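Let me begin by presenting the structure, written as structure tokens, before commenting on it.
The values are calculated or read from the model by the stated rules, or taken from the named source; none is laboratory data. This one's a predicted model, so the numbers in the text were calculated from it and none came from an experiment. Every residue, glycine as well, gets a Cβ built from its backbone with ideal geometry; the counts of neighbours run over all protein chains shown.
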């Protein structure tokens with residue numbers, strides 16, 4: 001039996017971690033498969049869909065194709081429909097079905113670290129990453145509070161209105177970063193602050209970090225940002241974005257072939273993926 005064929009598509013596609021992570025996941029599950037990366041320009045997506053992507057067993061999608069792929073595929077999962085974004089496609093019996101695994105990657109990263117969503121949840125930033133996480137918090141029944149820069153106030157207002165109109169009974173609010181205070185049950189950093197090479201930066205001050213019970217930082221390079229390190233030093237549960245990156249890949253494998261993984265193996269893969277990122281420089 002020939003190996004199954006998978007890929008990640010995007011443009012440009014040079015520095016993706018997907019091949020490293022997915023090849024390891026196939027090894028862990030014992031599934032014989034090939035995984036490659038395909039640089040597909042926007043103008044060639046429809047052509048490559050018919051001539052290349054339909055021949056694969058499945059594929060992952062990164063920028064700029066997460067929305068453009070939707071009209072081409074046969075079906076779309078309910079959550080992907082809600083987000084208007086697809087990052088994983090499974091080809092089965094001539095039917096291409098699209099999913100978004102980022103939200104579940106976020107939830108599984110929290111779960112693996114013993115973090116539950118509840119109480120006061122503060123999200124730093126209001127961009128695309130923040131939107132995904134905010135929706136998942138709202139869907140869990142918790143109130144969402146954004147802390148943003150003054151130039152992002154209008155965007156925060158729009159996002160609050162969007163979530164409240166989409167998720168029944170949801171509650172949202174926002175404040176300026178400089179006004180953030182008090183005890184926080186879960187602090188989520190959805191900004192790039194602290195990312196390599198500016199690894200000494202932190203999105204909030206030590207006084208705020210000291211009052212957080214749980215912290216999730218979407219930054220995945222380095223493995224542990226200053227925010228995560230300081231939160232752990234204070235006794236909080238804290239985890240970085242590499243966990244979400246790997247867990248969303250795990251969810252893709254669940255969609256493709258139903259594979260189940262051991263939490264310790266995934267934790268090891270997070271560490272190894274971080275080292276691979278360092279090696280790539």
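Here are a few things to note about the model shown:
- Residue within the range 119-126 that is surrounded by fewer than 19 Cβ atoms within 10 Å (Cβ to Cβ), over 17 Å from the mean Cα position of the chain (by Cα), at pLDDT 95 or above and at negative phi present: yes
- Test result for residue 155, outside any strand (DSSP E or B) and surrounded by 20 or more Cβ atoms within 10 Å (Cβ to Cβ): no
- Test result for residue 94, closer than 30 Å to residue 3 by Cβ, assigned by TED's automatic domain parsing to the domain that holds residue 25 and at pLDDT below 95: yes
- Test: residue in the range 194-208 that is closer than 28 Å to residue 261 by Cβ, assigned by TED's automatic domain parsing to the domain that holds residue 125, surrounded by fewer than 16 Cβ atoms within 10 Å (Cβ to Cβ) and in contact (Cβ under 8 Å) with a residue 24 or more places away in the chain: yes
- The set of residues in the range 253-272 being touching a helix residue (DSSP H, G or I) at 6+ places or on another chain (Cβ under 8 Å) and assigned to a helix (DSSP H, G or I) consists of 253, 257, 263, 265, 266, 267, 269, 270, 272.
Okay, residues lined up against (1) crowded, with 23+ Cβ neighbours inside 10 Å; (2) in the same structural domain as residue 8 (by TED's automatic domain parsing); (3) within 16 Å of the chain's Cα centre (by Cα):
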| position | (1), (2), (3) |
| --- | --- |
| 183 | no, no, no |
| 211 | no, no, no |
| 218 | yes, no, yes |
| 231 | yes, no, no |
| 248 | yes, no, yes |
| 252 | yes, no, yes |
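- Which listed residue, of 138, 112, 190, is in contact with a helix residue (DSSP H, G or I) (Cβ under 8 Å, 6 or more places away or on another chain), closer than 23 Å to residue 236 by Cα and buried (at least 23 other Cβ atoms within 10 Å of the Cβ): 190
- Any hit, the range 32-50, residues being closer than 19 Å to residue 255 by Cβ and in contact (Cβ under 8 Å) with a residue 40 or more places away in the chain: no
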